[in-house]
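*Asks:* After the structure tokens below, expect a handful of questions from me.
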Amino acid sequence: MVKLTKKFYITTAIAYPNSVPHLGHALEIVQADVIARFYRSLGKDVFFQTGTDEHGNKNWQTAQKEGKDIKDFLDANVKIFKDLYKKLNISNDYFIRTSDKKIHYPGAIKLWKELVKAGDIYKKNYKGLYCTGCESFKTGKDLENGKCADHPTREIEVIEEENYFFKLSKYKEEVAKRIKSDEYKVFPEIRKNEILSFLKDAKDISFSRPKKSLPWGIPVPGDNTQVMYVWCDALSNYITGIGYGKDKKKFKQIWPADIHIIGKDIIRFHAAFWPAMLLSAKIALPKQLFVHGFILSKGAKMSKSTGNVVEPFEQIEKYGVDPFRFYIVGAMPIDGDGEYSENLVIERINNELVGNLGNFCYRIISFVNKNFNGKIKTIDNDKKIIDEINKKVKKIKEGYENFNFNEVVNEILLISDIGNRYFQKNEPWALIKNDKDKVQEICGLCINIARNLGILTQPILPQFSENLQKQLNLKNLRWKDLGFDLKNHKIGKQEILVKKIEESEEEFFPLNLKVAEIVEVKDHPDADRLYVLQINLGKEKRQLVAGLKGHYSKDQLKNKKIIVITNLKHAKLRGIESQGMLLAGEDNGTVGVLTVKDSKPGDEVKAGNLKNSSKGLSFDNFQKIKIEVKEGKVLFNDLELKTDKEAVSVEKVKNGKIR
């Protein structure tokens, strides 16, 4: 159990698992993990909670569409989120699921009853504009050209029904007062001003949905015809996960939250609705709300419809977890959006992680091992260097505390650069012939700089930090261990800490091919020769439009495992979006799909040992790629297409081309 005097409670927004996690989920969970690790390093008793928001129409409708039981559907998708967090080396203490009837339901129900007790819940008929993407009602001024700015491809629905409402208007002035005074600190400043502007005209909010409209949710206490809307259900996770409604002692020890971390698209819910609910229920407000921007791709918010989605699993596999964390944290300015570009990722890994940070640590450790059998005795008391680094350490601490990770990364690299320049300027390799004692001092100072870097990088680069500390023959260093007092110490063996990314176009197969299973087949509404397919790619679902009518019946295609190009730019075929393309062989009008038997949805399909490319590909460029069928084998430049379990086969066609 955490101690009240040293506790630090941090949360992320809970993810909505109707689909697979995207880069935005990775950004937020990594930022939260950085904060959690930093405060642990300071000696705080950190409780770090994340989780999933599992009720609502989108989850219910998607499960129905896929013909799955809602719980089975959620369990499968939640597992993917947990897998991502594990790959990202996330150190959360608890993962809450709002479908958990033992942990979450009691607290959400208690909160509802407290709001009723305060006289802040009432029922009325309501007609409003509803965005299914946000699962929230909108006002006319929230829309751009009649569409939700965050979900421009979805139609806004007009919904009229009887709902319970919460008296947000009753608390808007008090919430604004708390935010203005920083009692509830919202930052950056631009987001604070944004929410204060909203609160001036804040209206009461819909707090339930009829069960006939939303059959999947927490029943409203005393009214089985209604289920709780997202506000009392999802937002309450921050208190239910730490015992509210179930474990008073635990709740009292951990609440209030020291920091909520959220994206800018849900600021109203957390900076207006949530504190108003807490005031009504007479629960203390959180201390801080950090609102991050979006991580963009090609200058735009990521969207499957625009074809600029970057898959976090692929990026981690490609570049490694620490380099991925390093880039995604360093790319985000404190008060704006960041850009994710693989060219920039490679550039920063090679120039900053490898060329600066990794290079300094490796060269000093290897030099000491080579010339002094790994032993340092004393250090060069170079006041100018030490003072310069100490000033930067102070700035790094402030950067962590203010969630300015971009500045933290830059200052860490500047310390490493100071070490590199100091080592280079003193030329110990030349000096060692005549003055070994001076070289010992130089090496001692450099080893101390490396030790400090091992502490400063730990929140962002936990594996790098652990490996560096091991090479320095140290472990479990914390913030209090920063300084220049390491003497008479024997270090360990040096190893490369970060490897340079080598990318050569000719080493890549231009397609990113994966096994997919067809889960649904429908006729295209406006094209006689086209089917609309819903496919399962293991960690994501997609929609394809395929010209297979006349070659396959719907029943022949259902549950078939096919091969899909996942990096083909999305396109609309007769008004229906196709999010990729399946591969098929053709010979004189006979068409047969590429297929496998033993492989699973999501498995990679490769051409020999070539790596698949993740770069976006146009249809015109795809047509220039020569893939053919020879004696039943599918070949690219005489390399056979295979998964790690089997060769890809083609139905109906023995020799021909791939289309």
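The values are calculated or read from the model by the stated rules, or taken from the named source; none is laboratory data. All of these numbers come straight from a predicted model, not from anything done at the bench. As a convention, Cβ positions derive from the backbone with ideal geometry for all residues, glycine included, and neighbour counts pool all protein chains shown.
*Asks:* For residue 85, all conditions in the list (1) closer than 27 Å to residue 301 by Cα; (2) in contact with an Asp or Glu (Cβ under 6 Å, 6 or more places away or on another chain); (3) hydroxyl-bearing (Ser, Thr, Tyr) hold save one; what is the number of the exception?
*Replies:* Going through (1) closer than 27 Å to residue 301 by Cα; (2) in contact with an Asp or Glu (Cβ under 6 Å, 6 or more places away or on another chain); (3) hydroxyl-bearing (Ser, Thr, Tyr) one by one, residue 85 breaks only (2).
For every residue, the table says whether it meets (1) touching a Cys at 6+ places or on another chain (Cβ under 8 Å); (2) outside any helix (DSSP H, G or I); (3) polar (S, T, N, Q).
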position	(1), (2), (3)
309	no, yes, no
315	no, no, yes
322	no, no, no
334	no, yes, no
350	no, no, yes
355	no, no, no
364	yes, no, no
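*Asks:* Can we say residue 67 is within 30 Å of residue 518 (Cα to Cα) and crowded, with 23+ Cβ neighbours inside 10 Å? It would help to see each step written out before you state the result.
*Replies:* On the way: within 30 Å of residue 518 (Cα to Cα): yes; crowded, with 23+ Cβ neighbours inside 10 Å: no.
Taking the combined requirement at face value, the residue does not satisfy it.
*Asks:* Okay, next question. Scanning the range 234-265 for residues that are small (Gly, Ala, Ser) and outside any loop (DSSP other than H, G, I, E, B), which turns out surrounded by the fewest Cβ atoms within 10 Å (Cβ to Cβ)? Write out each step before concluding.
*Replies:* To start, the set of residues in the range 234-265 that are small (Gly, Ala, Ser) comprises 234, 236, 241, 243, 245, 257, 263.
With the extra rule that they be outside any loop (DSSP other than H, G, I, E, B), the set shrinks to 234, 263.
Values: 234: 26, 263: 19.
The extreme case among them is 263.
Here is a yes/no grid of residues against (1) assigned to a helix (DSSP H, G or I); (2) of a type outside the set (Ser, Thr, Tyr); (3) without any contact (Cβ under 8 Å) to a residue 12 or more places away in the chain:
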| position | (1), (2), (3) |
| --- | --- |
| 194 | yes, yes, no |
| 198 | yes, yes, no |
| 202 | no, yes, no |
| 213 | no, no, no |
| 224 | no, yes, no |
| 227 | no, yes, no |
| 232 | yes, yes, no |
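*Asks:* Report whether or not residue 614 is over 30 Å from residue 346 (Cβ atoms), of a type in the set (S, T, N, Q) and surrounded by 13 or more Cβ atoms within 10 Å (Cβ to Cβ). Show your work before the answer.
*Replies:* On the way: over 30 Å from residue 346 (Cβ atoms): no; of a type in the set (S, T, N, Q): yes; surrounded by 13 or more Cβ atoms within 10 Å (Cβ to Cβ): yes.
It is false that residue 614 is over 30 Å from residue 346 (Cβ atoms), of a type in the set (S, T, N, Q) and surrounded by 13 or more Cβ atoms within 10 Å (Cβ to Cβ).
*Asks:* Considering only residues of the range 580-611 that are surrounded by 17 or more Cβ atoms within 10 Å (Cβ to Cβ) and polar (S, T, N, Q), which is farthest from the chain's Cα centre (by Cα)?
*Replies:* Result: 595.
*Asks:* Same structure again: Here is a check on your reading of the model: is residue 534 over 26 Å from the mean Cα position of the chain (by Cα) and either assigned to a helix (DSSP H, G or I) or farther than 20 Å from residue 649 by Cβ (or both)?
*Replies:* no
*Asks:* For the condition out of contact with any Lys or Arg (no Cβ under 9 Å at 6 or more places or on another chain), under 30 Å from residue 417 (Cβ atoms), of a type in the set (A, V, I, L, M, F, W, C) and buried (at least 20 other Cβ atoms within 10 Å of the Cβ), what is the one hit in 468, 453, 472, 511?
*Replies:* Values: 468 fails: out of contact with any Lys or Arg (no Cβ under 9 Å at 6 or more places or on another chain); 472 fails: out of contact with any Lys or Arg (no Cβ under 9 Å at 6 or more places or on another chain); 511 fails: under 30 Å from residue 417 (Cβ atoms).
None of the other options fit; the residue is 453.
*Asks:* Out of all the residues in the range 612-627, is one or more polar (S, T, N, Q), in contact with a helix residue (DSSP H, G or I) (Cβ under 7 Å, 6 or more places away or on another chain) and modelled with pLDDT under 90?
*Replies:* Within the range 612-627, the subset polar (S, T, N, Q) is 612-614, 618, 621, 623.
This time we only want the ones that are in contact with a helix residue (DSSP H, G or I) (Cβ under 7 Å, 6 or more places away or on another chain), so: 614.
Right, trim to modelled with pLDDT under 90 and you get 614.
Checked against the condition, which is being polar (S, T, N, Q), in contact with a helix residue (DSSP H, G or I) (Cβ under 7 Å, 6 or more places away or on another chain) and modelled with pLDDT under 90, the range 612-627 yields at least one hit.
*Asks:* For the range 377-390, does any single residue satisfy the condition of being surrounded by fewer than 20 Cβ atoms within 10 Å (Cβ to Cβ) and within 16 Å of residue 479 (Cβ to Cβ)?
*Replies:* yes
*Asks:* Shifting gears a bit: State yes or no: is residue 369 within 34 Å of the chain's Cα centre (by Cα), modelled with pLDDT of 95 or more and either hydrophobic (A, V, I, L, M, F, W, C) or in a helix (DSSP H, G or I) (or both)?
*Replies:* no
*Asks:* Among residues belonging to the range 39-64 that are out of contact with any strand residue (DSSP E or B) (no Cβ under 9 Å at 6 or more places or on another chain) and within 28 Å of residue 481 (Cβ to Cβ), point out the one that is surrounded by the most Cβ atoms within 10 Å (Cβ to Cβ).
*Replies:* 41
*Asks:* Also, quick follow-up: Among the helices (runs of 4 or more DSSP H) contained in the range 420-514, which hold 1 or more residues that are without any contact (Cβ under 8 Å) to a residue 60 or more places away in the chain and either closer than 27 Å to residue 611 by Cβ or under 33 Å from the mean Cα position of the chain (by Cα) (or both)? Give the derivation first.
*Replies:* Working: elements: 428-431, 436-456, 462-471.
Once the helices (runs of 4 or more DSSP H) in the range 420-514 are filtered for at least 1 residues that are without any contact (Cβ under 8 Å) to a residue 60 or more places away in the chain and either closer than 27 Å to residue 611 by Cβ or under 33 Å from the mean Cα position of the chain (by Cα) (or both), what remains is 436-456, 462-471.
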